[in-house]
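The values are calculated or read from the model by the stated rules, or taken from the named source; none is laboratory data. For clarity, every value in this text was computed on a predicted model and none was experimentally measured. Here the Cβ positions follow ideal geometry from the backbone for every residue, glycine too, while neighbour counts run over all protein chains shown. Note: areas computed on protein heavy atoms with side chains; ligands, DNA, RNA excluded. Shrake-Rupley method; radii C 1.70, N 1.55, O 1.52, S 1.80 Å.
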Amino acid sequence: ELPRTEARLRAAGFGPGTFVARHGNFADLPDVLAAEGLAAADLILVDLGVSSMQVGNPARGFSYKEPGPLDMRMNPTHGEPAWRILDSLREDTLASVLAENADEPHAQLIARLLKQEPVRTTHAMERLVRTGLNRALPDLSKADVKMSVRRTFQALRIAVNAEFSSLDALLRSLPQCLAPGGRVVMLT
């Protein structure tokens, strides 16, 4: 993903002297600047979006549209996959993750469902949540069940990648990382 973006910016006239592309976590911005020998930057471009290339790749485990391992790591070489985090969380902690990361109204029930058996694939998690909600809450609409499945995937992805703490670290470091008169552009 980064090579394509960098190629487009180079083609638009941003040479190595004016633009440096680095793949990393938002929390690492001060370290990235230091590695480049910079005290601060004139422009910081932050892409807060999730790449459709990542989500669309079944091997990455972000979506239940295609079968795949329940991984969800933005950087597959760093951290624990989603299935391992699911295994390690207690039911009450998992319910908090679902509620805090996705405002899931059925967080406690879904956490109980997900702790009933080991979940290793995207389809297994989707099926467990969908069938469990349908069984426990038969009056819940099909659309509401689908939204709960989506929120479950979202909440787990946020937890796996520590997205909120990384964003918090970025926001705290921006004043020191931005040169006077500089700008921050955040894309979603």
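Here are a few things to note about the model shown:
- GNM top mover of Thr122, Thr18, Thr152 - the chain, alpha-carbon springs below 10 Å: Thr18
- Overall dimensions of the range 1-96 by Cα: Rg and Dmax, Å: 17.4, 52
- Exposure here means at most 14 other Cβ atoms within 10 Å; with GluC sites (Glu not before Pro) in a DSSP loop as sites, the longest stretch of the chain lacking them is 37-188.
- Near the amide H of Thr121, within less than 5 Å, lie the amide hydrogens of Leu70, all on another chain or at least 5 residues away, with H placed in the peptide plane.
- For the chain, the fraction of C-alpha pairs more than 28 angstrom apart is 36%.
- In sequence order, calculated HN-Hα J values of the range 178-185 (Karplus, 6.51, -1.76, 1.60; Hz; x Gly/Pro): 9, 5, x, x, x, 10, 10, 10
- Kirkwood analysis of the Cα pair distances in the range 118-183 returns a hydrodynamic radius of 14.7 Å.
- Evaluating 6.51 cos²θ - 1.76 cosθ + 1.60 at θ = phi - 60° for every residue in the range 128-139, the Karplus couplings come out as 4, 5, 4, 5, x, 5, 4, 6, 6, 10, x, 8 Hz, glycine and proline recorded as x.
- Among Phe164, Phe62, Phe26, the largest mean-square fluctuation in a Gaussian network model of the chain (Cα springs under 10 Å) belongs to Phe164.
- Accessible surface of the chain [probe 1.4 Å, protein heavy atoms]: carbon and sulfur percent: 55 percent
- The phi-based Karplus calculation (6.51 cos²θ - 1.76 cosθ + 1.60; θ = phi - 60°) puts the 3J(HN,Hα) values of the range 96-103 at 5, 4, 5, 6, 6, 8, 8, 6 Hz, whole numbers, x for Gly and Pro.
- When only alpha carbons are used to place a centre, the range 47-125 and the range 144-170 end up 8 Å from one another.
- Using a Gaussian network model of the chain in which every pair of alpha carbons under 10 angstrom is joined by a spring, one finds that among Gln54, Gln176, Gln108 the greatest mean-square fluctuation is at Gln176.
- Stretchable slack from Thr18 to Val55, in nm (0.36 nm times residue separation minus alpha-carbon distance): 10.2 nm
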